[in-house]
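Visitor: Can you read through this structure? Questions will come right after.
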Amino acid sequence: SCWGLQIAAVAAGGEVRYNPKGREVGIARKIAPTEEGRRHPMLGQRPVTFDAPCIHYDEVMRLPDGATLLAYNEHSAIQAAIIPLGNSEVWAVQYHPEFDLAHLAMLYTLYAEDMIAQGFFTDRANLDAYVAQVQALAASPNDSALRWQLGIDDDILDDTKRRSEIIAWVENRVLNR
């Protein structure tokens, strides 16, 4: 995820740059699989659009020759791709399916000054209140009011749905199912 996509892209001849739209942090919204993405097992369990945890400044600007774009969103034109690299095929995403809400709360706190300076939060009290809501939802994932207030659904709260890319890779590349 994230750097893995970027490193694989550069290693295979693609390009990475600072995203001129700035940091995509917390939740990558409305990720949409391409036609190839809908057919590929990596995104086979994903709906037409989905959200995923994320944090990144940089993005793959150009995929290397032979790579396949699998998903994108408004913020990053390359959210998922298959990158051939030597004798390997790298399945990679820009977002972080391995992160849960506790990870996100930690990231917001860790990068608090940057988050405020970049306008994600007006001040520390605003950030702390948001983090408290995220932590409360992590503790009570069925709280419909918090789910609605934060705009977070099962694509992030359900571990199996959130980690579907990882599960697909294990099933297809490790277990050969």
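Per-residue answers, yes or no, for (1) under 23 Å from R163 (Cβ atoms); (2) of a type in the set (A, V, I, L, M):
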{"residue": "R39", "(1), (2)": "yes, no"}
{"residue": "R46", "(1), (2)": "yes, no"}
{"residue": "A102", "(1), (2)": "yes, yes"}
{"residue": "D114", "(1), (2)": "no, no"}
{"residue": "R124", "(1), (2)": "no, no"}
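Visitor: Restricting attention to strands (runs of 3 or more DSSP E) lying wholly within the range 1-56, give those where 3 or more residues are open to solvent by 20 Å² or more (accessible area, probe 1.4 Å).
Guide: 15-18, 24-33
Visitor: Working only within the range 24-43, note down all residues that are over 13 Å from I82 (Cβ atoms) and touching a helix residue (DSSP H, G or I) at 6+ places or on another chain (Cβ under 8 Å).
Guide: V25, G26, I27
Visitor: Please give the helices (runs of 4 or more DSSP H) falling wholly within the range 107-155 in which 1 or more residues are more than 20 Å from I55 (Cα to Cα) and over 20 Å from the mean Cα position of the chain (by Cα).
Guide: Answer list for the range 107-155: 124-139, 144-150.
Visitor: Might you check whether a residue that is touching a helix residue (DSSP H, G or I) at 6+ places or on another chain (Cβ under 9 Å) and free of Cβ contacts under 8 Å to residues at least 40 places away in the same chain occurs anywhere in the range 165-176?
Guide: no
Visitor: A further question on this structure: Across the range 57-74, what is the total count of residues that are in contact with a strand residue (DSSP E or B) (Cβ under 8 Å, 6 or more places away or on another chain), open to solvent by 30 Å² or more (accessible area, probe 1.4 Å) and acidic (D, E)?
Guide: Of the residues in that region, 2 qualify.
Visitor: A further question follows. Of all residues in the range 140-159, which are open to solvent by 80 Å² or more (accessible area, probe 1.4 Å) and without any contact (Cβ under 8 Å) to a residue 24 or more places away in the chain?
Guide: Answer for the range 140-159, where residues must be open to solvent by 80 Å² or more (accessible area, probe 1.4 Å) and without any contact (Cβ under 8 Å) to a residue 24 or more places away in the chain: N142, S144, W148, Q149.
Per-residue answers, yes or no, for (1) small (G, A, S); (2) more than 22 Å from V170 (Cα to Cα):
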| residue | (1), (2) |
| --- | --- |
| S1 | yes, no |
| R23 | no, yes |
| R62 | no, yes |
| Q94 | no, no |
| F99 | no, no |
| L110 | no, yes |
| E113 | no, yes |
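Visitor: Could you check how many residues of the range 71-93 are among the acidic types (D, E) and part of a strand (DSSP E or B)?
Guide: Adding up the residues that qualify gives 1.
Visitor: Report yes if A77 is small (G, A, S), closer than 20 Å to E165 by Cα, out of contact with any Cys (no Cβ under 9 Å at 6 or more places or on another chain) and surrounded by fewer than 17 Cβ atoms within 10 Å (Cβ to Cβ), otherwise no.
Guide: yes
Visitor: Determine which single condition H96 fails, assuming it passes every other condition in (1) of a type outside the set (F, W, Y); (2) assigned to a helix (DSSP H, G or I); (3) open to solvent by less than 60 Å² (accessible area, probe 1.4 Å); (4) in contact with a Pro (Cβ under 7 Å, 6 or more places away or on another chain).
Guide: Here H96 clears every test but (2).
Visitor: So F121 ticks every box in (1) within 27 Å of G22 (Cβ to Cβ); (2) open to solvent by less than 60 Å² (accessible area, probe 1.4 Å); (3) among the hydrophobic types (A, V, I, L, M, F, W, C); (4) in contact (Cβ under 8 Å) with a residue 40 or more places away in the chain but one. Which box is left unticked?
Guide: For F121, the exception is condition (4).
The values are calculated or read from the model by the stated rules, or taken from the named source; none is laboratory data. Keep in mind that this is a model prediction, so the values were computed, not measured. All Cβ positions, even for glycine, are placed from backbone atoms using ideal geometry, and neighbour counts span all protein chains on display. When the accessible area is computed, the model is the full protein with side chains, heavy atoms only, and any ligands, DNA or RNA have been set aside. Shrake-Rupley method; radii C 1.70, N 1.55, O 1.52, S 1.80 Å.
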